[in-house]
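These notes concern the structure reproduced below.
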């Protein structure tokens, strides 16, 4: 017995007191100590977190949708203008000629070659063939040659122009002022292209569409990348200097890769030139040493047939070698 009470009774009172103290500790103490209000504040913070993240995710999704729509619009325009017209190819070559002027000059050149061959005694059919080739093939080949030379020059100057835009934006200049600096101080053909861009912007054309016109006149992936970056930045926003910095790095990496491919393929190109010129050189050596032996190739009908077949097969071989040593990336 403890204090005149049985041990069982004392044990029951002790257990009841412990139970009451536990209930008070669990339900009353957090209210008195302020822990309940802290838990409510923490719960409120925990509830607002997902709401903020959801809003940010919705904003990011909206920007992603804008980027996707911009890319779809650009791709649709590319498909519509997949085959450039003759006037577009003349402009891409940097020639200031209209379509009618070009056709007139080509016809005059073909007629002149036809008359020269006819007066020289080549015959009517050969003169017609040479005149047709001179009037249709040579001008188009010249346009293609000038176009490739202009594109090569554009690739040499364009990365520096992009770097000018990046430095101008980082120093606080507006994008339009950076474009004006390039239009004034850059080299051709970048200067003329950006001058056309400024003129298009001055008459109210959106900057993204004005940059897309550069790709129409310079059909290169580098110009397409620039137009896409500007269009996305104008419609969806973002850090333009960072995007153009990435573009500049890509342009220079592509330039290095193109130079590396050119260096690695020079041996194959030299071999192709030697193989293609070897039959002609042997024919000239045989002609100078014994003309009567080789004159049968163009005096006898069978020799002419053999010479035409050999020229055809040589042309096929040259085209195959050219296809093997030219790389697109």
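Here residue 154 clears all of (1) over 30 Å from residue 114 (Cα atoms); (2) free of Cβ contacts under 8 Å to residues at least 60 places away in the same chain; (3) assigned to a helix (DSSP H, G or I) except the condition numbered (2).
Conditions (1) farther than 26 Å from residue 325 by Cβ; (2) surrounded by 14 or more Cβ atoms within 10 Å (Cβ to Cβ); (3) out of contact with any helix residue (DSSP H, G or I) (no Cβ under 8 Å at 6 or more places or on another chain), marked per residue:
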position: 190; (1), (2), (3): yes, yes, no
position: 193; (1), (2), (3): yes, yes, no
position: 208; (1), (2), (3): yes, yes, no
position: 212; (1), (2), (3): yes, yes, no
position: 227; (1), (2), (3): yes, yes, no
position: 250; (1), (2), (3): no, yes, no
position: 256; (1), (2), (3): no, no, yes
position: 263; (1), (2), (3): no, no, yes
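Only one entry of 197, 176 meets the criterion of being over 29 Å from residue 104 (Cα atoms) and either touching a residue at least 24 places away in the same chain (Cβ under 8 Å) or exposed (fewer than 13 other Cβ atoms within 10 Å of the Cβ) (or both), and that entry is 176.
Which residue out of 289, 196 is farther than 16 Å from residue 175 by Cβ, at pLDDT 85 or above and outside the structural domain of residue 321 (by TED's automatic domain parsing)?
Criteria check complete, one pass: 196.
The residues of the stretch 294-325 include none that are under 26 Å from residue 264 (Cβ atoms), in contact with a helix residue (DSSP H, G or I) (Cβ under 8 Å, 6 or more places away or on another chain) and surrounded by fewer than 11 Cβ atoms within 10 Å (Cβ to Cβ).
This table checks each residue for (1) modelled with pLDDT of 55 or more; (2) in contact with a helix residue (DSSP H, G or I) (Cβ under 9 Å, 6 or more places away or on another chain); (3) within 28 Å of residue 229 (Cβ to Cβ).
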| site | (1), (2), (3) |
| --- | --- |
| 32 | no, no, no |
| 72 | yes, no, yes |
| 79 | yes, no, yes |
| 103 | yes, yes, no |
| 107 | yes, yes, no |
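Taking the conditions exactly as written (within 17 Å of the chain's Cα centre (by Cα) and under 19 Å from residue 152 (Cβ atoms)), does residue 257 satisfy them or not? Yes: the conditions hold for residue 257.
The values are calculated or read from the model by the stated rules, or taken from the named source; none is laboratory data. Model, not experiment: these values are computed from the prediction. Neighbour counts are summed over all protein chains in view; Cβ atoms, including those assigned to glycine, are modelled from backbone coordinates with ideal geometry.
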